[in-house]
Amino acid sequence: MPLTAKACQAAQPKEKPYKIADGGGMYLEVMPNGSKYWRLKYRWLGKEKRLAFGVFPEVTLAEAREKREEARKLIGKGLDPSENKKQEKRQAVINAQNTFQSVAMEWMEIQKERWTKGYAQKTLRRLEMHIFPCIGNRPISQISPPELLECLRKIEKRGTLEMASRGRELSGQIFRYGIQTGRCERDAAADLRGALKTKKAEHFRTIDEKQIPELLHALSLNNARIFERTRRAVWFSLLTFGRPGEIRQACWSQIDFDDAIWYVHSGLMKMRRNHVVPLSKQALAVLQEQKEETGHIKTDYVFPSQVNPRKCMSDGTVNRAIERLGFGESMVAHGVRALARTTIRERLGFDSEIIEKQLSHKTKNPLGEAYDRTQFLDQRKIMMQEWADYLDSVASEGKIIHGNFGKVS
């Protein structure tokens, strides 16, 4: 006769363990200490086996019967319930070890070899702020596209559309690494293309070529009373159109005055590769004046901080200088690169590939990046000098008086 919940509750311990059958091979085993265990007896490949369903009353009679039916269905499919249970436990352990966060951190360790320290820190912050709180503890193999979308929509609702898009791209790279290492079978981010709101691309603000004379005039007169060190950093940015971070972290050990070359170390570069910047006579003059001012200071930085010379000029210093010059709404330091690219192409007539090489943009050459350090170097030396001469010609036409470093001979 089938068990009842009341009978299970009333069963008392005896000197030896005993069983109360419920049917279908399932029974309640009552132990001398009063513990009551659900068991299922079944035969598999001619051998008698037992499967535990838990302890009464934590596992109720109804729940135990559900487990019995599930086990019988497995047997009917030719599966051993005991082995299936062991596999589920093994999978649970694997899932606990292969959460999205653990796979992401493993992936990041590999990427650090080719990323700058700053970019690695920024990427980790994005994950910690936007992705890990939602799906970090979830097994990467169990994360579905709708679940990831829900996470990204939370970022969207905060108004950071670009961050939501970056989150999808970043998650996709982690999912693909998970696939490569056998931790998941699909990229949940791939199915979300077009599912997020998009924002029109915004380029770094920059002035029009016609405004160059006005900028040079403001920079030369320096009515804004910008520190000379900062003013030279702005000039150097105009003459070399390097990335702001590369300029403010430039070191004297990277400057070769004899060959007129600035060797930008890969650690400062966005793509973690060395870069060569030919220096015009005007750029060398800026550096020489800078060396005269800071030569007595114990620092290797070309543009050290005004407060702590052992550190480089702070991030944003050049941008603040541009604001004080009156161009804050129309230009940022990074915008100098776009200004130089457009003007050199249209006014000086240099080939786009040479300009892109000087900007250290990734080449589309099928031969790859192997020769990036010297490719077009002779042409780039000519281009950089002509660009500096062009700025001087614009300044002289506007009767602008530079410092010694910008004076037209």
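Any read-out appearing in this document is the output of simple, stated calculations on the displayed coordinates, not a laboratory observation. It should be emphasised that the depicted structure is a prediction, and the values quoted were computed from it without experimental measurement. We place every Cβ from the backbone using ideal geometry, glycine too, and count neighbours over all the protein chains shown.
Taking the mean number of other Cβ atoms within 10 Å as a proxy for protection, how do you rank 22-31, 107-116, 177-186, 9-18 from highest to lowest?
22-31, 177-186, 107-116, 9-18
Mean separation of Cα pairs under 8 Å and 6+ residues apart, divided by the residue count of the chain: what relative contact order is that in percent? Intermediate values should be presented prior to the final figure.
Values: 503 pairs, mean separation 47.7, N = 409.
Averaging sequence separation for qualifying contacts and normalising by length gives 12 percent for the chain.
How big is region 100-192 along each principal axis, measuring the range of its Cα positions in Å and listing the largest first?
Extents along the principal axes: 34, 30, 20 Å.
Looking only at Cβ-Cβ distances, which cysteines of the chain have no other cysteine closer than 4.7 Å?
C8, C184, C251, C312
With label points built 7 Å along Cα→Cβ from the Cα atoms of N274 and D389, find their separation and express it in nm.
Each label point lies 7 Å from its Cα, and together they span 3.0 nm.
So which aspartates and glutamates can K16 reach, going by Cα to Cα under 13 Å and dropping same-chain residues fewer than 8 places off?
E29
Can you give the translational diffusion coefficient of region 29-144 in µm²/s, computed by Stokes-Einstein from the Kirkwood radius over Cα pairs at 37 °C and 0.692 mPa s?
182
Restricting things to alpha carbons, find the Rg to Rh ratio for the chain using the Kirkwood radius for Rh. Walk me through the numbers on the way to the answer.
On the way: Rg = 34.4 Å, Rh = 27.2 Å.
Ratio of gyration radius to Kirkwood radius for the chain: 1.27.
Contour minus end-to-end for D208 and T4, with contour as 0.36 nm per residue of separation and end-to-end as the Cα-Cα distance?
Gain on stretching D208 to T4: 64.8 nm.
What pairs in K49/K86; K14/K85; K6/K73; K19/K41; K122/K298 have C-alpha atoms more than 19 Å from each other?
K14/K85; K6/K73; K122/K298, as the Cα separations exceed 19 Å there.
Where does the chain land at 222 nm, in deg cm²/dmol rounded to the nearest 500, when only DSSP H runs of n ≥ 4 count, each adding -39500 (n - 2.57), divided by all residues?
Rounded to the nearest 500, the figure is -14000 deg cm²/dmol.
Taking 0.36 nm per intervening residue step and subtracting the Cα-Cα distance, what contour gain separates N84 from D259 on full extension?
Answer, rounded to one decimal: 55.8 nm.
How long are the semi-axes of the equivalent ellipsoid of region 5-90, defined as square roots of 5 times the Cα gyration tensor eigenvalues? Whole Å, largest first.
With the √(5λ) rule applied to region 5-90, the semi-axes are 24, 13, 12 Å.
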